[in-house]
Amino acid sequence: MADRATVGSYEITAVIDMVPPPRPTSAMFPDVPEGAWADYQDVLEDGQLQLYYGVFVVRSDNHTVLVDTGMGPGPHPSRGNIVGNLYEELRPVMLPPNVDIHNTNVSPSDQVNFVIHTHLHADHVGWNLRYSGGMPAPNFRRARYIIPKDDYDYYTQPEILEQNPHVQQQIMPLRRLRLQQIVEGEYEVTDGISTMPAVGHTPGHQVVLVNSGGEKAMLVGDLLHCIAQVTEPSWCASVDYDKAASHANRAALLDKAESEGWLIAAGHFPPGKQIGRVVTEGGKRRWQSL
Ligand SMILES: [Zn+2]
């Protein structure tokens with residue numbers, strides 16, 4: 001069963017694109033001593049970190065927003081040749097319950113009005129475009145793709161772009177296709193849905209806020225990779241671009257989420273635990289999934 005929450009007039013649903021191979025904790029969090037994981041064995045799988053590549057569908061009667069697009073169809077040599085499965089996983093979420101998902105011409109991807117990217121890493125942009133005869137075509141052809149300016153500026157520098165072929169393939173063509181919208185600062189995407197910078201993981205990393213009917217949710221992108229970081233916000237992933245900023249923004253947004261009662265949605269958390277709240281008990285903050 002997919003993770004799901006209602007926030008005012010929106011419904012947020014978690015969808016898993018792909019489950020990459022697990023990694024040792026020391027590979028993902030090189031600055032965290034092995035012994036420090038003793039308190040967090042319950043968030044590991046056989047002592048290893050298992051990330052999930054999840055995206056979120058945020059829907060109301062009027063809007064369908066996709067937050068990030070996963071790793072892409074693959075197979076992905078950098079991830080054990082595993083394939084992404086977002087398209088199939090989206091179908092039951094997007095189609096009305098009375099439609100036979102195996103016998104309909106209704107395309108779930110055509111319903112997406114906005115694709116919001118929290119940042120431009122490979123596991124967040126992979127289903128943007130498909131290629132036929134070398135020509136790119138959008139998988140979400142009716143959507144505007146929202147991209148944070150500081151990530152766009154950073155990743156399209158020639159020497160950085162060369163090392164990030166996924167940006168060349170999945171981001172660069174959007175401009176010519178007139179589907180991209182570069183945003184800066186706090187930006188209102190549509191009624192009740194906005195973006196807010198939360199940099200550190202990448203130069204332009206942003207979170208997505210849903211604020212509707214007095215209820216609030218924060219889709220945090222890679223501000224959180226692992227449930228242990230809710231209790232240990234100073235733990236930074238090896239891939240964080242600016243660890244000090246990552247730590248500061250994680251700590252500040254967790255404070256805000258707890259004091260103001262925001263739901264949190266974290267795509268790299270395990271299925272069943274991707275949407276939740278942060279609560280403090282006995283002086284320790286922890287994750288409480290819905
Ligand atoms: Zn990621």
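The values are calculated or read from the model by the stated rules, or taken from the named source; none is laboratory data. Values in this document were obtained by computation on a predicted structure and should not be read as measured data. Note that each Cβ is placed from the backbone with ideal geometry, even for glycine, and that neighbours are counted across all protein chains shown.
Structure notes:
- The stretch 119-132 residues that are at pLDDT below 95, paired with ones that are within 14 Å of the ligand (Cβ to nearest atom) and of a type in the set (Lys, Arg) (beta carbon under 8 Å, 6 or more apart): none
- Of residues in the stretch 147-177 being part of a loop (DSSP other than H, G, I, E, B) and among the polar types (S, T, N, Q), the one surrounded by the most Cβ atoms within 10 Å (Cβ to Cβ): Asn164
- Against the test of being within 16 Å of the ligand (Cβ to nearest atom) and small (Gly, Ala, Ser), the options Gly126, Gly185 yield a single qualifying residue, Gly126.
- Strands (runs of 3 or more DSSP E) fully within the stretch 211-290 that include at least 2 residues being surrounded by fewer than 22 Cβ atoms within 10 Å (Cβ to Cβ): 215-219, 275-281, 284-289.
- Candidates His166, His205, His201 - the one that is under 27 Å from Ala244 (Cα atoms), within 16 Å of the ligand (Cβ to nearest atom) and touching a strand residue (DSSP E or B) at 6+ places or on another chain (Cβ under 9 Å): His205
- Checked against (1) within 16 Å of the ligand (Cβ to nearest atom); (2) closer than 24 Å to Ala5 by Cα, Leu95 passes all but condition (1).
- Yes/no for Leu290 being at pLDDT below 95 and more than 16 Å from the ligand (Cβ to nearest atom): yes
- Number of positions in the stretch 116-163 that are among the small types (Gly, Ala, Ser) and out of contact with any strand residue (DSSP E or B) (no Cβ under 8 Å at 6 or more places or on another chain): 4
- For the stretch 58-76, the candidate set comprises residues that are out of contact with any Asp or Glu (no Cβ under 8 Å at 6 or more places or on another chain) and away from the ligand (no atom under 16 Å from the Cβ); within that set, the residue that is modelled with the lowest pLDDT is Asp61.
- Qualifying residue in the stretch 178-196 (condition: part of a loop (DSSP other than H, G, I, E, B), aliphatic (A, V, I, L, M) and closer than 19 Å to Asp123 by Cβ): no
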